[in-house]
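The values are calculated or read from the model by the stated rules, or taken from the named source; none is laboratory data. Please read these numbers as outputs of a predicted model, since none were measured by experiment. Heads up, the Cβs are rebuilt from the backbone with ideal geometry, glycines too, and the neighbour counts pull from every protein chain shown. The protein model used for the area step is the full one, side chains on, heavy atoms only, and it has no ligands, DNA or RNA in it. Shrake-Rupley method; radii C 1.70, N 1.55, O 1.52, S 1.80 Å.
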Amino acid sequence: MSRNIPRDTMALPESVDEALDILAASDIETVPIAGATWIMRGPTRYEPIPPRLVALNRIAELREYDFDSDPIHLGAMATHDLIARSLPSGADLRCLALAAHQSANPGIRRLATVGGNLCVVGFAAADLVPALMVLDATVCLALPGRRRLELDLSEFMAFRRKPGRYLTTGVRFARNARISAHVRVPMRDYPVCIVSLSVGMDASGRIADLRLAVGAVEEDGRRWKEFEDEARGSEPDPVAMGELARKLSTTLTPRSAHDAPGWYRVQVLPAMVRRAFAQVRAEMR
Amino acid sequence: MDVQFFVNGEERTFGGDQRTPLLDVLRGDFRLTGTKSVCRGGFCGACTVLIDGEPVPSCQRPVGLLEGAEITTIEGMAPVGELNLVQQAFLDHDVVQCGMCFPGMVITLTHFLGSNPMPGRAEIKEALAGNMCRCTGYERIVDAVLSICPTEQAEDQPPVPEVSER
């Protein structure tokens, strides 16, 4: 119940620097929140809501976005719903459009943000992460001392595990000439396997330029470089690509969680790769 | 710090823990128990309310974020003693089973029909992706919605086979 419990449990900064100052000055566990969907679900995972939250919803900089520019810029507070509705059409961005549109459910998509998807370390099944990885996205960060930093998304995935106060202010990615796809296997609460890919062909129709990222299978989403290296120069045949995924699945370290064991995530992966390449093939016709 | 917002058009103040889910404030403090508490994880949709016109799960909104917000619960979807179009369709089609999911369903579908007044069957199902019915009464729910969208309903029906004259 809401009575007889602490009241000032949420700070509402108006700027990035103010938020960083609050985080730096806090002597109790203090967590920034964007859409807050991971934090508010904490009790269902037997994790208490942290004693103090820093709400980012009043910071104008984090709500800025420019879908018409190249590179496209999304502030950290851009929701899945906003991204799905606003992203320009184009085969290169299809992976992100699908990731934003298919994640969770409509109500959650109106709340969950790109910043939250990127920053929540315990959330292995973030849909936007693999999609942004194959778009070569960079993550914009604000650090204490008014410093700013921009990291490649793969670098950021390691950076976010290090101790230290920072805020993710947004994400940036350039348009490209590749064809992209995004597929997922939903089960119970979260997807158990996600595949995003972005592929460019040479004049003979073979794979010249490939990015393929896997989400929900390991502890963090990541580019599957072993697959990319093997697939380069091949025809983008969905069945053959699925078989290649099966052959290379031992290069992954799958995680087991309440929704699915690790072996299952790897088991469905070849079918997901096959479907992703089928999406690409359909786009090529 | 108190949080002030509007619930069904009435200004309300909450002075408790700002991390409290709106769901608990509505039910526990304001006694608006039409908003149902089921999964508390944003998966089932039973606690859906409109916040500034958008249907979202109230279990996922810490009340401290809602300063100045306009919240509409199932109690505010129609004047007291009246039903809105979706509620009336559910009644007419005898759709309600256990009833736990229906406040959320009504809010989601009322908002959906506001932006898409002539949906197809698949679009209605997609709109309901975040509203779980444990009684699994989905088809009748969709039928009820289609009954208030007569034009699209007709287009959705399989074509009537032509009968040749003998």
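The rows are residues; the columns are (1) modelled with pLDDT of 95 or more; (2) closer than 21 Å to A:Arg94 by Cα.
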{"residue": "A:Pro238", "(1), (2)": "yes, yes"}
{"residue": "A:Met241", "(1), (2)": "yes, yes"}
{"residue": "A:Leu248", "(1), (2)": "yes, no"}
{"residue": "A:His258", "(1), (2)": "no, no"}
{"residue": "A:Leu269", "(1), (2)": "yes, yes"}
Problem - Count of region A:13-55 residues which are touching a strand residue (DSSP E or B) at 6+ places or on another chain (Cβ under 8 Å), of a type in the set (Gly, Ala, Ser) and either within 9 Å of another protein chain (Cβ to nearest Cβ) or in contact (Cβ under 8 Å) with a residue 60 or more places away in the chain (or both) - result: 5
Practice task
Check B:Pro57 against each of (1) in contact with a Cys (Cβ under 6 Å, 6 or more places away or on another chain); (2) at the interface with another protein chain (Cβ under 7 Å from one of its Cβ atoms); (3) open to solvent by 30 Å² or more (accessible area, probe 1.4 Å) and name the one condition it does not meet.
Solution key: (3)
Exercise for the section: Taking only region A:184-213 into account, find how many residues are in contact with a Ser or Thr (Cβ under 8 Å, 6 or more places away or on another chain) and hydrophobic (A, V, I, L, M, F, W, C). Expected result: 6
Practice task
Report, by residue number, each residue of region A:41-64 that is within 19 Å of the chain's Cα centre (by Cα) and assigned to a helix (DSSP H, G or I).
Solution key: A:Leu62, A:Arg63
Exercise for the section: Identify, from the list A:Ala240, A:Ala177, A:Ala181, A:Ala158, the residue that is open to solvent by 30 Å² or more (accessible area, probe 1.4 Å), hydrophobic (A, V, I, L, M, F, W, C) and within 29 Å of A:Asp68 (Cα to Cα). Expected result: A:Ala177
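Right, B:Thr136: in contact with a helix residue (DSSP H, G or I) (Cβ under 9 Å, 6 or more places away or on another chain) and among the β-branched types (Val, Ile, Thr) or not? Break it down into steps so the answer makes sense when it comes.
Values: in contact with a helix residue (DSSP H, G or I) (Cβ under 9 Å, 6 or more places away or on another chain): no; among the β-branched types (Val, Ile, Thr): yes.
In short, no.
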Fill in the blank from the handout: If we keep only residues of region B:15-31 that are more than 7 Å from chain A (Cβ to nearest Cβ) and crowded, with 22+ Cβ neighbours inside 10 Å, then the residue nearest to B:Ile51 (Cα to Cα) is B:Leu22
Problem - Which listed residue, of B:Glu126, B:Glu82, B:Glu70, is within 28 Å of B:Gln18 (Cβ to Cβ) and open to solvent by 30 Å² or more (accessible area, probe 1.4 Å) - result: B:Glu70
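Does at least one position in region A:102-111 carry a residue that is more than 15 Å from B:Glu126 (Cβ to Cβ) and of a type outside the set (Phe, Trp, Tyr)?
Yes, region A:102-111 contains at least one residue that is more than 15 Å from B:Glu126 (Cβ to Cβ) and of a type outside the set (Phe, Trp, Tyr).
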Practice task
Report whether or not A:Ala76 is modelled with pLDDT of 95 or more, touching a strand residue (DSSP E or B) at 6+ places or on another chain (Cβ under 7 Å), more than 9 Å from chain B (Cβ to nearest Cβ) and within 20 Å of A:Arg110 (Cβ to Cβ).
Solution key: yes
